[in-house]
């Protein structure tokens, strides 16, 4: 059991670290971490804690290295963070409900739909809590349209990291059969 958790935590840590190195905007592992945690951690509280903690810790690094000089203070949270964090909690619920049995096709479909959930929730948040777009049907449509290029990066990052996390874990589970779940 200790080997299993060591591998799980190591994989999540490696994926989380990728948020703080230079990368294409929105090409991040958090959707994959939420699904992976929901699928593999037997303690289901960890399915929620791991992605949120991963996001928050990497946000602390990103925001305080990049933005603290701009704001002149230590940044614990940023405007609109609630929409991002809520989307990952919902994605963890999706993972808990749908990834009891894992297969390539299932992981592919759930990753694509979870990326769409992230896109819909976070861009609704940009529209609802920001002042960039008018509070009208045209405003929200404009917001979603402007965000489409970012969706491609979110989707590609989610797919890459999902298959990295799930694939790497399953590879080690086959090689070290005693901790296979």
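When 20, 7 are checked against the criterion of being at pLDDT below 85 and either outside any helix (DSSP H, G or I) or under 19 Å from residue 58 (Cβ atoms) (or both), 20 stands alone in meeting it. Total residues in region 63-77 satisfying the condition of being in contact with a helix residue (DSSP H, G or I) (Cβ under 9 Å, 6 or more places away or on another chain), part of a loop (DSSP other than H, G, I, E, B) and either more than 22 Å from residue 17 (Cβ to Cβ) or at pLDDT 70 or above (or both): the figure is 0. Across region 39-49, the number of residues qualifying as in a helix (DSSP H, G or I) and either at pLDDT below 85 or farther than 24 Å from residue 104 by Cβ (or both) comes to 5.
Looking only at region 131-145, decide whether some residue is under 18 Å from the mean Cα position of the chain (by Cα), surrounded by fewer than 18 Cβ atoms within 10 Å (Cβ to Cβ) and part of a helix (DSSP H, G or I). Looking through region 131-145, none of the residues is under 18 Å from the mean Cα position of the chain (by Cα), surrounded by fewer than 18 Cβ atoms within 10 Å (Cβ to Cβ) and part of a helix (DSSP H, G or I). The number of residues in region 99-130 being without any contact (Cβ under 8 Å) to a residue 60 or more places away in the chain, over 29 Å from residue 145 (Cβ atoms) and surrounded by 17 or more Cβ atoms within 10 Å (Cβ to Cβ) comes to 0. For region 14-41, the set of residues classified as over 26 Å from residue 151 (Cβ atoms) and in contact (Cβ under 8 Å) with a residue 40 or more places away in the chain consists of 40 only.
For the residues 89, 60, the requirement of being part of a helix (DSSP H, G or I), surrounded by fewer than 17 Cβ atoms within 10 Å (Cβ to Cβ), in contact with a helix residue (DSSP H, G or I) (Cβ under 8 Å, 6 or more places away or on another chain) and at pLDDT below 95 singles out 89. Residue 97 - would you say it is part of a helix (DSSP H, G or I), out of contact with any helix residue (DSSP H, G or I) (no Cβ under 7 Å at 6 or more places or on another chain) and modelled with pLDDT of 85 or more? Yes, satisfied.
The values are calculated or read from the model by the stated rules, or taken from the named source; none is laboratory data. Computed from a predicted model, the values in this text were never measured in an experiment. All Cβ positions, glycine included, derive from the backbone under ideal geometry; neighbour counts span all protein chains shown.
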